[in-house]
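K.L.:
To start, I am sharing the structure in question, which I have written as structure tokens.
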Amino acid sequence: MGESEADLARLRLIRSPRIGPVTYRQLIARFGSAEAALEALPALAMRGGGAAPVIADLAAIRREMAAAAKLGARHVFLGDPDYPSLLAELENAPAAMLVRGRLALASRPCVAMVGARNASAAACRFARQLAQGLAGAGATVVSGLARGVDTAAHLGSIGGGTIGVIASGIDIAFPPENRELQERVANEGLLIAEQPPGTEPLARHFPSRNRVIAGLAQGTVVVEAAPRSGSLITARIAAEAGREVMAVPGSPLDPRAQGCNLLIREGATLVQSVEDILEAIRPIDARVVRSPARDFGREPAAEPDAAERRRIEALLGPVPVPVDELIRQAGLPAAAVQLVLLELELAGRLERHAGGRVSLA
């Protein structure tokens, strides 16, 4: 099977129902290739006590790849040599992304910059200045092409290095008034979309977009944000991934600054200049980044018996529980527990939640 056929198989696996990023990673690790994983799906689901998932239509996958090529985009798969290595560290890193532009920008030191869509003029001006200074220092600025702070961050860094991560298909501009800016980012920087072409930006896609923004970067800067906002979700994802969280302080009289002030109170680095950001990410800059290729070594076969399967399933319930806790309480090898969870998920009987938790569906 040639390389293009292998890519078709990978994308077909990714687009099949019940195959999320974590499941995809485990399937490839266990079976070595998408082709082998596709063949194994029916048997895995049967052992999990359910019907096999419907495998994505091959003709639809060919249409998606053709549409991407027509748009000047291409798919980058987890495990590819040019897949961004920091992003690959996330357990739920996208199994595939569509990219337009200079993917090499993701290999430079990256700083995510996020904030309020209804940001104040002062916050937008400061975000633009920070982004311009970061790009001038050789860093890449990552943001989400939303109104407000995102737009200012891209405008400030587009001349030196910017990455836009969107929640829609790579051919859909949202908000519509940023269509021209999105095209500029694709032509002069890098544009990334996880969803297939033609996908409208639904609410459930934005948290996924936020994890890509945080995952690409060594640190995330929040410029202005309300206490309950997508920007704070991005900051939380960054913190959980062991990345630096930074925030620009604001007036306690402005509700748009409350989220940033809260982050600082909880330990985020206070940012007043480009130098503050560069100093915060410098220790991470020198670390050895795990190669995504290591995640795809074939796992040793672990076939739990019927009693062990019942023990694992009995530990599950409607309340999400960390997988690490399941492994500890089951007293079984991690690979055995992960296999049973994989079978249950493919059978439609298991749900995965944020933070590596699972529950019965």
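K.L.:
If I ask for residues that are closer than 24 Å to Asp82 by Cα and either in the same structural domain as Ala67 (by TED's automatic domain parsing) or free of Cβ contacts under 8 Å to residues at least 60 places away in the same chain (or both), which ones from region 170-194 would you list? Outline the logic, then answer.
P.N.:
Taking region 170-194 first, the residues closer than 24 Å to Asp82 by Cα are 170-171, 182-194.
Of everything in region 170-194, those that are closer than 24 Å to Asp82 by Cα and either in the same structural domain as Ala67 (by TED's automatic domain parsing) or free of Cβ contacts under 8 Å to residues at least 60 places away in the same chain (or both) turn out to be Gln182, Glu183, Arg184.
K.L.:
Hey, Leu262 hits all of (1) farther than 22 Å from Glu91 by Cα; (2) in a loop (DSSP other than H, G, I, E, B); (3) modelled with pLDDT of 95 or more but one; which does it fall short on?
P.N.:
Leu262 satisfies all of (1) farther than 22 Å from Glu91 by Cα; (2) in a loop (DSSP other than H, G, I, E, B); (3) modelled with pLDDT of 95 or more except (2).
K.L.:
Scan region 200-233 for residues that are closer than 18 Å to Phe174 by Cβ, touching a residue at least 40 places away in the same chain (Cβ under 8 Å) and in a loop (DSSP other than H, G, I, E, B) and jot them down.
P.N.:
Ser229
K.L.:
Evaluate region 25-44: report whether one residue or more is on the phi > 0 side of the Ramachandran plot, crowded, with 18+ Cβ neighbours inside 10 Å and either in contact with a strand residue (DSSP E or B) (Cβ under 9 Å, 6 or more places away or on another chain) or not basic (Lys, Arg) (or both).
P.N.:
Residues of region 25-44 on the phi > 0 side of the Ramachandran plot: 32.
Right, trim to crowded, with 18+ Cβ neighbours inside 10 Å and you get none.
No: zero hits.
K.L.:
Kindly list the number of the only condition in (1) within 19 Å of the chain's Cα centre (by Cα); (2) in a helix (DSSP H, G or I); (3) of a type in the set (Gly, Ala, Ser) that fails for Ser168.
P.N.:
(2)
K.L.:
Also: For Leu105, which of the numbered conditions (1) in contact with a strand residue (DSSP E or B) (Cβ under 6 Å, 6 or more places away or on another chain); (2) at positive phi fails to hold?
P.N.:
Of everything listed in (1) in contact with a strand residue (DSSP E or B) (Cβ under 6 Å, 6 or more places away or on another chain); (2) at positive phi, Leu105 misses just condition (2).
K.L.:
For region 133-142, check the following and say yes or no: at least one residue is assigned by TED's automatic domain parsing to the domain that holds Cys260, crowded, with 23+ Cβ neighbours inside 10 Å and of a type in the set (S, T, N, Q).
P.N.:
Checked against the condition, which is being assigned by TED's automatic domain parsing to the domain that holds Cys260, crowded, with 23+ Cβ neighbours inside 10 Å and of a type in the set (S, T, N, Q), region 133-142 yields at least one hit.
K.L.:
Kindly evaluate Gly159 against the criterion of being at pLDDT below 95 and among the small types (Gly, Ala, Ser).
P.N.:
Working: at pLDDT below 95: yes; among the small types (Gly, Ala, Ser): yes.
So Gly159 fits the description; yes.
K.L.:
Across region 83-120, what is the total count of residues that are farther than 25 Å from Thr199 by Cα, not assigned by TED's automatic domain parsing to the domain that holds Thr140 and not aliphatic (A, V, I, L, M)?
P.N.:
Within region 83-120, residues that are farther than 25 Å from Thr199 by Cα, not assigned by TED's automatic domain parsing to the domain that holds Thr140 and not aliphatic (A, V, I, L, M) number 2.
K.L.:
I need the full set of residues from region 4-17 which are assigned to a loop (DSSP other than H, G, I, E, B) and either touching a Ser or Thr at 6+ places or on another chain (Cβ under 7 Å) or crowded, with 20+ Cβ neighbours inside 10 Å (or both), in order please.
P.N.:
Restricting attention to region 4-17, the residues satisfying the condition of being assigned to a loop (DSSP other than H, G, I, E, B) are 15-17.
Across region 4-17, the qualifying residue is only Ser16.
K.L.:
Given the conditions (1) out of contact with any helix residue (DSSP H, G or I) (no Cβ under 7 Å at 6 or more places or on another chain); (2) within 30 Å of Val142 (Cα to Cα); (3) at pLDDT 90 or above; (4) not assigned by TED's automatic domain parsing to the domain that holds Ser157, which single one is not true for Leu278?
P.N.:
(4)
The values are calculated or read from the model by the stated rules, or taken from the named source; none is laboratory data. This structure is a prediction, so every number in the text was calculated from the model and none was measured. Virtual Cβ from ideal backbone geometry, glycine too; neighbours counted across all protein chains shown.
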